[in-house]
1. For the cross-link pairs K297/K381; K156/K236; K259/K436; K259/K297, which exceed 26 Å when the distance is taken from alpha carbon to alpha carbon?
2. For a quick check: with amide H placed at 1.01 Å from N, whose amide H comes under 5 Å from V388's, ignoring anything fewer than 5 positions away on the same chain?
3. Residue separation times 0.36 nm, minus the C-alpha to C-alpha distance between T177 and S252: what's the value?
4. Step through the residues of segment 220-226 one at a time and calculate ³J(HN,Hα) from phi using the Karplus curve (6.51 cos²θ - 1.76 cosθ + 1.60, θ = phi - 60°), rounding each to whole Hz and writing x for Gly and Pro.
5. Computed over the Cα atoms, what is the radius of gyration of the chain divided by 2.2 N^0.38 Å, N being its residue count?
6. Applying the Karplus parametrisation 6.51 cos²θ - 1.76 cosθ + 1.60 with θ = phi - 60° to the phi angles of segment 436-442, what ³J(HN,Hα) value in whole Hz is obtained for each residue in order, glycine and proline being reported as x?
7. Solvent-accessible area per residue for the chain at a 1.4 Å probe radius, Å²?
8. Tally up the carbon and sulfur contribution to the accessible surface of segment 49-259 as a whole percent, 1.4 Å probe, everything protein left in place.
Amino acid sequence: MPRITKLEDKIISPISNITQPSVLNEETQPVLEIWGGNSLNGTVNISGAKNSALVLMAGSLLCPEDCRLSNVPDLVDIRRMNQILTALGAKITKNGNTLDIDVREINPTQAPYDLVSQLRASFFAIGALLTRFGIVRIPLPGGCAIGARPVELHVKGLRAMSANVFIDSGIVHAHVTGSKRRLQGAKIYLDYPSVGATETLLMAATLAEGETIIENAAQEPEIVDLANFCCAMGAKIRGAGTNKIIISGVESLHSVDYKVIPDRIEAGTFLVAGAITHSEISLAPVIPEHLVPVIAKLETMGCRVISESSTRLKLIPGVLKATDIETLPYPGFPTDMQAQFMALLSISEGSSVISETVFENRLRHVAELQRMGANIRVKGKHALIQGVPMLSGAPVMATDLRASAALVLAGLAAQGKTIVRGLHHLDRGYENLEGKLQGLGAKLQRITSNQ
Ligand code: EPZ
């Protein structure tokens, strides 16, 4: 992934220190105890997509009335976004997996630092707030375990739309001058097809004056979901899902009742759960075309994935063979599935190479898999994996969201007991993962300190 190093004047690259979660007292935190070697069976329900629901919540700020989001997963990150929107003045009512969001009374300058710094997706609200109110102050999201996570593409695009943007003491200040205080449509080329930058600028363009063209745009399904959500509110957007998106600004948007798409990464994680335990399992609801690279890799490795209906897939396991994987922007192989496939390749016959090209620090699960007996060497952005016949259960520590899922998958396949610590990572992005796995026959349980 080309590192973007050119710094705009006045933009100081985000503090590069990786923000670690506050040091948790390890003894009091819950752990997952997993007994490996059990096969799974049955059907698992796939929740709404975290990375869509989060940006749709940010997008709700575009609407001057209220809107309803359904199929929203119940996750720590969703609750954090709820807190951030509430701090901005939104009134949110949660009924199960449905959120009613009233954004009539919003103050665009009071996003709380302590919350935004923990949830990168909340920064994407800058586009919605700026285009609706003409002014916004929002903390830089900062880095995390997998990388520095800069935002210069977001800022560069907003400046192209005539926003005045400067960063001072870790806070991004942006405002629009001129009588109407409206952003101006512009032609923007993204140096890298950033998902978040595409989402920020797409939202900013919906209420801008004139036409905005985003070239080299990200093409992820979550971008399409955001565009469909905005169009349902009255926006005029063409080309979402391609590398060129055209947005014609409108004067205002209106209420909407919208259902979030299924989570393709959760679905991919469960496909790997079936493959790694040699189990036949079904998943629903899914959108199969969102899983093309994941399905292609599983079939290359010896599994079969069959469509039982337009929204239901079945994994048929096979003898696992090595393969190479390079993570790329969609429709390439998703970086969010890299850790899970590393666990799977660890017990696949032969030598594999995984190249992580999207994030600069997303191989930290290697050390934990090595503790379980995996034969992996890291050379730069490449992980060289020699498959072993069996992993051994061990105490392991999750380092980020998808790494935690990978360690759970490895524990399901390993001989003996695995203890996974660092569940605060897992709970950010998976709704009741252990309950869903238990429903498939897996032997695992969450143990809290008083147990
Ligand atoms: C989104 O993050 C997802 N998060 C990530 O999912 C996902 O891994 C990522 O897209 C890539 O698919 C949400 O949607 C909330 P990017 P985002 O901007 O938007 C660099 C998960 O596990 N970059 O496409 O932050 C950046 O540093 C999470 O669910 C710049 O250099 O990803 C990275 O190396 C993890 N400058 C690369 O681009 C910028 O201004 C891709 O980042 C923006 C990005």
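The values are calculated or read from the model by the stated rules, or taken from the named source; none is laboratory data. All of these numbers come straight from a predicted model, not from anything done at the bench. So basically every Cβ, Gly included, is an ideal-geometry build from the backbone, and we count neighbours across all protein chains shown. What goes into the accessible areas is simple: the full protein's heavy atoms, side chains included, and nothing from ligands, DNA or RNA. Shrake-Rupley method; radii C 1.70, N 1.55, O 1.52, S 1.80 Å.
1. Check vs 26 Å cut-off fails for K259/K297.
2. Hits under the 5 Å cutoff: I347, S348, N375.
3. Gain on extension, T177 to S252, equals 25.1 nm.
4. Those phi angles translate into 4, x, 5, 5, 4, 4, 5 Hz.
5. Values: Rg = 21.8 Å, N = 451, 2.2 N^0.38 = 22.4 Å.
So the chain has a normalised radius of gyration of 0.97.
6. Calculated HN-Hα couplings, in order: 5, 5, 4, x, 9, x, 6 Hz.
7. On the way: 17130 Å² over 451 residues.
Value for the chain: 38 Å² per residue.
8. 47 percent
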